[in-house]
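**Student:** Shown below is the structure under consideration.
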Amino acid sequence: MKDTEQVQILQELVEINSVNGNEAAVATYIQKLFANHGITSKIIPYTDGRSNIVAEIGDATSDKVLALAGHLDTVATGDVADWQFDPFSAHVANNRLYGRGAADMKSGLAGMVITFINLAEQKTKLNGRLRFIGTVGEENGAMGSRLLTEQGIADDLDGIIIGEPTGGNLVYAHNGSLNYHVYSQGRGAHSSMPEKGINAITNLIKYVTAEATAFADAPVSPELGPLVHSVTVFNGGEQVNSIPAKAELQGNIRPIPEFDNEAVIKRLNETVDKLNQEANVNLTLHVDYSFKPVISATDSDLVKLTKQIADDEFGHPVELQVIHGATDASEYTKSANQFPVVVYGAGEWNDAHSLNESVDLDLFAHVQHVYERLAKKFLA
C-alpha cells in the first residue's frame, strides 16, 4: 500500500467523530475497508451507535494467536474554537496530522488496519492467527473490552499489542485506574437555623480530609512507583441560604500490584465506614469502574521481539517504559489465560487528550512497519 493511501486511511478515521460514542461508524468503516481487501470481519454491537469489531487472518487451524488491539472512541474536543484546525478535518501540516484521536489512538488503529491489509494483499503465510480487535468506550469505562473478554476474546491469546500512543517506545507496564463516587446525605434547613439541618457538604469534607492520608501506608511499586489518589469532582448545595441536604464527590485512584484494586476498595470502605460512626454522618461509596494494573515480564518473547524489531526499525534502541494511565489490557488480562501485553503506538503520550492533538507521519509509518514485521516474526 502506498504511503499516501496509508495517510488517507488515518485521515478518514480521524474525520469520523467518535467522541465517547458513535464507534459503530468507525467499525463500519474498518469493516468495509477490510472487505475491499478480502478480509472478513465481525461487528459486535454494544448498544445503539456503538459497536466493536473483530477480524482474523492467518492459519485458522493454528493454536498460536497474536492480537493487535485498539479502541475506536476518543475523548471530547473541548471548545472547537480553541483548536488551530478543525479537530475532525484531519489537517496535515509540516508532516503532522492534526485532529482528535490523531495520537490517541486512531494512528495506532490505522497502523493495525494497514498491517492486516498489507499481509492479506501480499498473501503472507502466517503460522498462526493474527487477530484485530477494535473496541468501544475505552475512554469512559472500557465496556467494549470488558464485553469481549467476557465472550472469550482473550482466552486463546499468546500475546497482545495495544496501540496506545507511546512515541515509538515500548511500554510493558501500567497502573490500574479506579473511579468512585461518595454520596453524602444530610437534612435541609434554612441557613438562619443550621442546627435544624445536617450539612451534607460539611460531612463530605470530612471524607476529603480523611482521604488525604488514607493511603499513606501503601507501598511503592518498584515498577510503577507510588499509588496515586485524588478527589477530582465535588458538588453540593443548591442555594446560598439553605443548608445542603445532598453532596457528592468523585475520586480517581491509580492502583499498583502491591496495593491492588481489591485493597483500594477495602480501604475506601473502611474510610467511609469509620466516618459513618460519627453522629449525623451518612456517606455512601460507589465504585464506578475498576481497571487493574498490568505488568509484563521484560524478558517475555513478545517484549523482547517487539523491542528488537523496533530498535532495528528506528536505527537506535527504543526505551522500555511504564505509564500511569490504564488501557483495555486491564480488561483483557482478566481472562484466566495468561499472556504478555505490549503497549506500543504512534503519537506521543503527552499528546493524548490535548488541544491540537497530532501525530508525526514519519513516526506513524515506522510504527506500522513494526506492527507488520512483528506479526510476521511472531507467527513465523
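**Student:** Shape call for region 1-148 from the C-alpha gyration tensor, a ≥ b ≥ c root eigenvalues: rounded (a/c under 1.5), prolate (a/b greater than b/c) or oblate?
**Tutor:** Note, shape of region 1-148 comes out oblate.
**Student:** Please list the non-local residues whose amide H lies under 5 Å from the amide H of S191, H modeled 1.01 Å from N, same-chain partners needing a gap of 5 or more.
**Tutor:** Those lying under 5 Å, H to H, from S191 are S242, I243.
**Student:** Quick query: amide H of V228 versus all other amide H atoms, modeled in the peptide plane; which residues come in under 5 Å with a sequence gap of 5 or more or a different chain?
**Tutor:** When sequence neighbours closer than 5 places are left aside, the close amide H contacts are R254.
**Student:** I've got another one for you. Given a 1.4 Å probe and the protein chains all in place, what does the accessible area of I161 round to, in Å² to the nearest 10?
**Tutor:** I161 exposes around 0 Å² with every protein chain in place.
**Student:** Could you order R131, R96 by accessible surface area, starting with the largest, using a probe radius of 1.4 Å? List each step's numbers first, then the result.
**Tutor:** Values: R131 15, R96 65 Å².
Largest accessible area first, the residues go R96, R131.
**Student:** Give the shape of region 281-380 as rounded, prolate or oblate, defined through the alpha-carbon gyration tensor: a ≥ b ≥ c are the square roots of its eigenvalues, a/c under 1.5 means rounded, and otherwise the shape is prolate if a/b is larger than b/c and oblate if not.
**Tutor:** oblate
**Student:** Within the accessible area of region 30-96, what % is carbon and sulfur when the probe is 1.4 Å and the other protein chains stay in place? Numbers along the way, then the final one.
**Tutor:** Working: 1570 of 3360 Å².
After summing per-atom areas, the C and S share lands at 47 percent.
**Student:** Tell me the Rg and the Dmax, in Å, that the Cα atoms of the chain produce.
**Tutor:** Values for the chain (Cα only, Rg and Dmax): 23.1, 80 Å.
**Student:** Who wins for biggest fluctuation among H37, H316, H353 in a Gaussian network model of the chain, springs between alpha carbons below 10 Å?
**Tutor:** Looking only at H37, H316, H353, the biggest GNM fluctuation is shown by H316.
**Student:** Using a 1.4 angstrom probe and counting only protein chains, how large is the accessible area of R50 in Å², to 10?
**Tutor:** Spelled out: R50, probe radius 1.4 Å, area about 40 Å².
**Student:** Oh, and also: Please report the spacing between the Cα centers of region 1-66 and region 254-320 in Å, no decimals.
**Tutor:** If we compute the Cα centre of each part, the gap is 29 Å.
**Student:** Separate question: First compute the accessible area of region 174-325 with a 1.4 Å probe, then give the percent of it belonging to carbon and sulfur atoms.
**Tutor:** 51 percent
**Student:** Work out from phi, with θ = phi - 60° and the Karplus expression 6.51 cos²θ - 1.76 cosθ + 1.60, the ³J(HN,Hα) of each residue of region 73-81, listed in order in whole Hz, and give x for Gly and Pro.
**Tutor:** 8, 10, 7, 5, 8, x, 6, 4, 5
**Student:** Next question, about the same structure. Going Cα to Cα from K304, which lysines come in below 19 Å? Please leave out same-chain ones fewer than 8 positions away.
**Tutor:** Result set, ordered by chain and number: K64, K376, K377.
**Student:** Could you run the Karplus curve 6.51 cos²θ - 1.76 cosθ + 1.60 with θ = phi - 60° over region 364-375 and give me ³J(HN,Hα) per residue in whole Hz, x for Gly and Pro?
**Tutor:** 4, 5, 4, 5, 4, 4, 5, 3, 5, 5, 5, 4
**Student:** How long are the three semi-axes of the equivalent ellipsoid of region 30-70, in whole Å, if each is the root of 5 times an eigenvalue of the C-alpha gyration tensor, listed from largest down?
**Tutor:** 21, 14, 8
**Student:** Also: Would you pull out the residues with amide H under 5 Å of I198's amide H, same chain only if 5 or more places away, H placed 1.01 Å from N?
**Tutor:** R187, G188
**Student:** Per-residue HN-Hα couplings for region 35-43, Karplus 6.51 cos²θ - 1.76 cosθ + 1.60 at θ = phi - 60°, whole Hz, x for Gly and Pro?
**Tutor:** 4, 5, 10, x, 9, 8, 9, 10, 8
**Student:** Another question about this same structure. If the elastic network links every pair of Cα atoms under 10 Å, which of N350, N22, N179 fluctuates the most in the Gaussian network model of the chain?
**Tutor:** Residue with maximal mean-square fluctuation among N350, N22, N179: N350.
**Student:** What figure in square angstrom, to the nearest 10, would you give for the accessible area of W349 with a 1.4 Å probe?
**Tutor:** Approximately 100 Å² for this residue.
**Student:** Where both residues lie in the chain, what percent of DSSP beta bridges are antiparallel, nearest 5?
**Tutor:** Of those bridges, close to 75 percent are antiparallel.
**Student:** Let me ask you something else. Pairs of alpha-carbon atoms within less than 8 angstrom and 6+ residues apart define the contacts here; what relative contact order does region 294-380 have, in percent?
**Tutor:** Taking the mean separation of contacting Cα pairs over the length of region 294-380, I get 38 percent.
**Student:** Please give the FRET efficiency for D156 paired with S242, using the beta carbon to beta carbon distance and R0 = 56 Å, rounded to the nearest 0.05.
**Tutor:** 0.45
**Student:** Compute the relative contact order of the chain as a whole-number percentage, counting only Cα pairs closer than 8 Å that sit 6 or more residues apart in sequence.
**Tutor:** Values: 888 pairs, mean separation 94.0, N = 380.
Over the chain, the number comes to 25 percent.
**Student:** A follow-up question, please. At 1.4 Å probe size, put T306, T40 in order of accessible surface, largest to smallest.
**Tutor:** Heavy-atom accessible area, descending, gives T40, T306.
**Student:** Something else about it: Connecting C-alpha atoms closer than 10 Å in a GNM of the chain, tell me which of V75, V14, V136 has the biggest fluctuation.
**Tutor:** Largest GNM mean-square fluctuation: V75.
**Student:** Per residue, how much accessible surface does the chain expose to a 1.4 Å probe? Answer in Å², no decimals.
**Tutor:** 43 Å²
**Student:** Moving on. Which of the three applies to region 123-231, rounded, prolate or oblate, going by the alpha-carbon gyration tensor with a ≥ b ≥ c and a/c under 1.5 meaning rounded?
**Tutor:** Prolate, because a/c is 1.5 or more and a/b exceeds b/c.
The values are calculated or read from the model by the stated rules, or taken from the named source; none is laboratory data. In this text, all values refer to a predicted model and were calculated from it rather than measured experimentally. Neighbour counts are summed over all protein chains in view; Cβ atoms, including those assigned to glycine, are modelled from backbone coordinates with ideal geometry. These accessible areas exclude ligands, DNA and RNA; they are computed on the full protein's heavy atoms, side chains included. Shrake-Rupley method; radii C 1.70, N 1.55, O 1.52, S 1.80 Å.
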